[in-house]
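The values are calculated or read from the model by the stated rules, or taken from the named source; none is laboratory data. Please read these numbers as outputs of a predicted model, since none were measured by experiment. Cβ placement follows ideal geometry from the backbone for every residue including glycine, while neighbour counts extend to all protein chains displayed.
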Amino acid sequence: MDKHSMLTKLLQILEEMKSISEQQYTLIADDMEEEALHQFAALALHWEKLSLEMDSIVAEAELEQQTWRSNPEIRTLLEEMNDKTVLMNSKLEGIAAKTIQGIEGARKQQTAVRSYGGMNSMDVVSLYFDQKQ
């Protein structure tokens, strides 16, 4: 594979990867549903496949990263994908924080219900003592 066809193939792969990152960004919402999560994961697998394909093309052509990354079109695509990845990471961290808060709240409620005898134990009076430190 000559240098020009290799760069053309890399551009095609990177454009597809950019499209995947845009689709993933669209799927991320504050209240992500399970179906969107599955779609996100499928897109991530496709991204990984394209990444491996890109690595094999570069290895086959025996080009250094500096050589093919100096192409202005490739550089622009890489920068756009990086920007989108940073935005997605920020959104995912927010979603994870909300999920953690929800889990912690449920755990506290569960502990309180158990400590007062559970939901079905109305005939027994449970006592709950807090130890102050």
Checklist entry - Which condition breaks for Leu45 when tested against (1) modelled with pLDDT of 95 or more; (2) among the hydrophobic types (A, V, I, L, M, F, W, C); (3) over 30 Å from Gln101 (Cβ atoms)? => result (3)
Checklist entry - What pairs come up if the first residue lies in region 100-121 and is surrounded by 10 or more Cβ atoms within 10 Å (Cβ to Cβ), the second is modelled with pLDDT under 90, and their beta carbons are under 7 Å apart, counting only those six or more places apart or on different chains? => result Val113/Met119; Ser115/Ser126; Ser115/Tyr128; Tyr116/Ser126; Tyr116/Tyr128; Gly117/Val124; Gly117/Ser126
Next on the checklist: Among the residues of region 1-48, what is the count of those that are within 14 Å of the chain's Cα centre (by Cα) and of a type outside the set (Asp, Glu)?
Outcome noted: 22
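What residue, of Leu27, Leu10, is out of contact with any Leu (no Cβ under 7 Å at 6 or more places or on another chain), surrounded by 11 or more Cβ atoms within 10 Å (Cβ to Cβ) and closer than 30 Å to Lys98 by Cα?
On the way: Leu10 fails: closer than 30 Å to Lys98 by Cα.
Testing whether each residue is out of contact with any Leu (no Cβ under 7 Å at 6 or more places or on another chain), surrounded by 11 or more Cβ atoms within 10 Å (Cβ to Cβ) and closer than 30 Å to Lys98 by Cα leaves just Leu27.
Working carefully through the options Asn82, Asn71, find the one that is of a type outside the set (Val, Ile, Thr) and closer than 30 Å to Lys98 by Cβ. So that I can check it myself, show each step before the final result.
Details: Asn71 fails: closer than 30 Å to Lys98 by Cβ.
Just a single option satisfies the conditions, and that option is Asn82.
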Checklist entry - Just wondering, is there one or more residues in region 54-65 that are surrounded by 10 or more Cβ atoms within 10 Å (Cβ to Cβ) and under 18 Å from the mean Cα position of the chain (by Cα)? => result no
Next on the checklist: Looking at region 28-52 only, could you name the residues that are farther than 14 Å from Thr85 by Cβ and in contact (Cβ under 8 Å) with a residue 12 or more places away in the chain?
Outcome noted: Asp30, Met32, Gln39, His46, Leu50
Checklist entry - Is it fair to say His46 is within 21 Å of Thr67 (Cβ to Cβ) and not hydrophobic (A, V, I, L, M, F, W, C)? => result no
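Hey, can you tell me all the residues within region 66-94 that are among the charged types (D, E, K, R) and surrounded by 12 or more Cβ atoms within 10 Å (Cβ to Cβ)? Don't jump to the end; show me each part of the working.
Narrowing region 66-94 to residues among the charged types (D, E, K, R): 69, 73, 75, 79-80, 83-84, 91, 93.
Hits for region 66-94 are Arg69, Glu73, Arg75, Glu80, Lys84, Lys91.
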